[in-house]
1. Take the residues of region B:260-316 that are buried (at least 17 other Cβ atoms within 10 Å of the Cβ), part of a loop (DSSP other than H, G, I, E, B) and under 18 Å from the mean Cα position of the chain (by Cα): which is nearest to the ligand (Cβ to nearest atom)?
2. Among B:214, B:179, which is over 15 Å from residue B:303 (Cβ atoms), crowded, with 23+ Cβ neighbours inside 10 Å, under 16 Å from the mean Cα position of the chain (by Cα) and modelled with pLDDT of 95 or more?
3. Give region A:140-186 a look and list any residue that's surrounded by fewer than 19 Cβ atoms within 10 Å (Cβ to Cβ), assigned to a strand (DSSP E or B) and touching a helix residue (DSSP H, G or I) at 6+ places or on another chain (Cβ under 8 Å), or say none.
4. Mind listing whichever residues of region B:169-197 are within 16 Å of the ligand (Cβ to nearest atom), out of contact with any strand residue (DSSP E or B) (no Cβ under 6 Å at 6 or more places or on another chain) and either more than 14 Å from chain A (Cβ to nearest Cβ) or over 21 Å from residue B:262 (Cα atoms) (or both)?
5. Determine, yes or no, whether residue B:68 is in contact (Cβ under 8 Å) with a residue 12 or more places away in the chain, within 16 Å of the ligand (Cβ to nearest atom) and in contact with a strand residue (DSSP E or B) (Cβ under 9 Å, 6 or more places away or on another chain).
6. Could you tell me how many of the residues in region A:202-215 are under 15 Å from the mean Cα position of the chain (by Cα) and either more than 19 Å from residue A:8 (Cβ to Cβ) or free of Cβ contacts under 8 Å to residues at least 40 places away in the same chain (or both)?
7. What about residue B:57, is it touching a helix residue (DSSP H, G or I) at 6+ places or on another chain (Cβ under 8 Å) and away from chain A (no Cβ under 14 Å)?
8. Check whether at least one residue in region A:95-108 is within 14 Å of chain B (Cβ to nearest Cβ), at pLDDT below 95 and farther than 24 Å from residue A:266 by Cα, and report yes or no.
Ligand SMILES: [Zn+2]
């Protein structure tokens, strides 16, 4: 079995970016300087991932205020409004308010990919989009638009985003549906999420695709629906919920190509112990077949911990993936030797 | 200080925080810059506490607070004053706003009184009205800090509980009648294991405490864990209700709720001032649900008022007090 590692999503902002955005808010920054500074800060984040042996990297989404914001800001008929707690984190997102079906005004992903894919050499660049079901359920909708219609509309726009991103050079597409880990979410929402993720993945051409569920492992019936998505990998959080995620994989298996297991705790600054990570992987392996591949990743985005720790955890993930491959007799496909 | 009679039915109260008054902002700034020490800091904040207490008295609230004027953040305030904590690095809260998320780097222990000074000052000017002692609870301290020392949530939460209990003992020795522990983090992880972990911690916090024991929980899917919290060792649950449109009421009925209830009737996220009628109807709604009697109902806002403009906070409280007064005649 092949094993490799990658970061799940966004990174925290280093001091330079915090200062830049503060100055930006006051209108003190020349747009060209902003792009240049963000690119250099993102390069550092990309470099850390390459050094950790990841064959697919993210640009860190350092300028995204929350996962919905770049899209809510780039589309007509939706506005970011009041703050609301983002899952069980001490972090708040702005509730997108939809007044009608969204329409694209400007592209979000493709320009980034054009900027960052060349910086990611020799790795590929991953793009991440919010899943339509999470997006819809965490938004406010007024003006008679039905939620299922909205989810469909969002999926269409995201599919267009992904198509353009892959054309621009993205090699991996990830759809995030963290709300599927919510114990109140049932089979219907999961089935819709899987269906819409399939449509988005369908626009990804040759790129690899993944549907990610995190912050808590989903219920069994939800996970079974997730597995029906036409994506290469499903990602599941194996840290929160005391390793239930690894058990789910052991019992119900993975996606078309395999599973991505969130084994490094992205919400704690404690340096994960090797034996603990290894035992999560061992538990999950029982549900995977020899020809499937395993991606080891972080339990969620790394942006909820301080910057320095996000870099340390990136390195730890790379080290552990290689060591686990050795210890468990798996084929490690990361690294640049 | 005796002499104020808290109404037998529908006493009014607050959850704790109040908009920061200018003298408090000034004191916090000086404390941050290291210009003043702890003692001077609390002395400087007294003007702010006085303004808050004046607003409460103007509105007619029965059981008040010090407005948490010296607390910039409910977790950081205690972390900075407990043994075992270090100042953390920057973590984002929203948009481009950050806070230094505290880090546990050693054994957590109580060092010296943390909130007693503000509370005693508020009491000295409350015209006999009781002032709640309000602390951030062990579960919220645990969840909203990083841990580099324990590597074990149970051990850490129990040490946090012991430290909080020590502060409560200080307050009890000085005559505190109402002790409230705030646990907003619990509703963000509404799982049975989490609720049971907090129960064990609260047993340490409150065991044998001779005062009204209150736990405040807000904003989240509390109905999921209601069955596991009902036997907490507390006299009162103080709950956000208005913002979630009183969704919890049928669940309270279903589970035969019989403790006292801090009944949140004022939305702290809305600048719209609830009318007296609106609040009275909320109280009627609770009473018609026939869950507990009026002597067990404490009327208060959903949560702390700190994010509201002062004028709106005052008006909301005044209407709340008036609605409770009318309700006393009806029920
Ligand atoms: Zn609250």
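1. Of everything passing the filter in region B:260-316, B:303 is nearest to the ligand (Cβ to nearest atom).
2. Just a single option satisfies the conditions, and that option is B:179.
3. A:141
4. B:189
5. yes
6. 2
7. no
8. No, the conditions are met nowhere in region A:95-108.
The values are calculated or read from the model by the stated rules, or taken from the named source; none is laboratory data. Here the structure is a predicted model, which is why all the values come from computation and not from measurement. A quick note on method: Cβ atoms are made from the backbone with ideal geometry, for glycine too, and the neighbour counts reach across all protein chains shown.
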